[in-house]
1. What distance in nm separates the two pseudo spin-label positions at GLU45 and GLU76, each 7 Å out from Cα along the beta-carbon direction?
2. List nothing, just return the count: lysine pairs in the range 61-176, 8 or more apart or interchain, with Cα separation under 23 Å.
3. Could you order peptides 187-197, 26-36 by the average number of other Cβ atoms within 10 Å of their residues, highest first?
4. Nearest-5 percent of antiparallel DSSP beta bridges in the range 90-239?
5. Amide H to amide H under 5 Å from LEU178: which residues, 5+ apart in sequence or cross-chain, H placed 1.01 Å off N in plane?
6. Could you tell me the calculated FRET efficiency between GLU169 and ASP90, based on Cβ-Cβ distance and R0 = 41 angstrom, to the nearest 0.05?
7. Once you have the Cα-Cα distance between GLN31 and ARG183, take 0.36 nm times their residue separation minus that, and quote the gain in nm to one decimal.
8. To the nearest 20 Debye, how big is the dipole of the range 55-179 about its Cα centre, given +1 on the beta carbon of each Lys and Arg and -1 on that of each Asp and Glu?
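All of the numbers you see were taken from the coordinates with simple rules; none came from a lab. These numbers were taken from a predicted model, which means no experiment stands behind them. Methodologically, a virtual Cβ is constructed for each residue, glycine included, from the backbone with ideal geometry; neighbour enumeration extends over all protein chains shown.
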Amino acid sequence: MLRNNIAFLLMVFAGNVFAQLHLDDPNYTYQTQSNEVLESSQVEELLTSGQHYSLKEEETVEGNYVVTLVPISNREFRQTIRKKKKLVRDLKGQKMVDYSLKDQFGNQITNHSFDAAKVTVYNFWFTTCDHCVEEIPKLNKVVAKFSSSDVNFIAPTFNTHTQVAKFLEDNTFNYTILTSGKRLAQDLHIRSYPTHLIVDHNGMIQKVMIGSSDRVIKHLYKNIKHLLGHEIRVENRIANH
């Protein structure tokens, strides 16, 4: 018996989907529309068959999850991608959602933990996302250009604490990493990785950037610098009154 139908569309973006599926998690069961239970290998086979799918997730009364693979047409796939990307881009000008997650050190972190910062930068990523990992050294260089008292750099991921700890054994990432952040990504409609958000001291999202490239990194640095300068000018005007 199912309750709390929390159905959502998780579109199949190449390179992202398998890491998000929890195929090795015993709390997740995958099935077809006819309720045929699927093994992990069968799920992978279907999702690489050329047929597009949306994934409908439902929570059971026992707290487990049943995920149904629903075939969709190419047209539906394209329309949903456009819709999802628009929802993310439309975050600009909205208030950052509330959350409470643990960082890589086990500290409990909320969005209000960063209220003192003039600017907070979010990078939504995961450990097996090639583009996410490739840009980390460039992101570390961006971090080094700003004072930690002015700018916070936060990296939410749906990966667990254990997965992140293993990743950090061989990689340096100078953001504060928030683990098990699947719900936060869902609340923000984020399905494509990496996605960057720049938030001002009032918690308002001022910039949204999807994807990774030298151009994205350049604009990330430029927009942080611009917003930081604006915040400092406003702060100075208030102090002089």
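1. If labels sit at GLU45 and GLU76, their model points lie 2.3 nm apart.
2. 15
3. The most tightly packed comes first, giving 187-197, 26-36.
4. Here the antiparallel bridges make up roughly 65 percent for the range 90-239.
5. Here ALA155, THR157 satisfy the definition.
6. The pair GLU169/ASP90 has a calculated efficiency of 0.60.
7. Residue separation times 0.36 nm, minus the Cα-Cα distance, leaves 52.5 nm.
8. Dipole size: approximately 820 debye.
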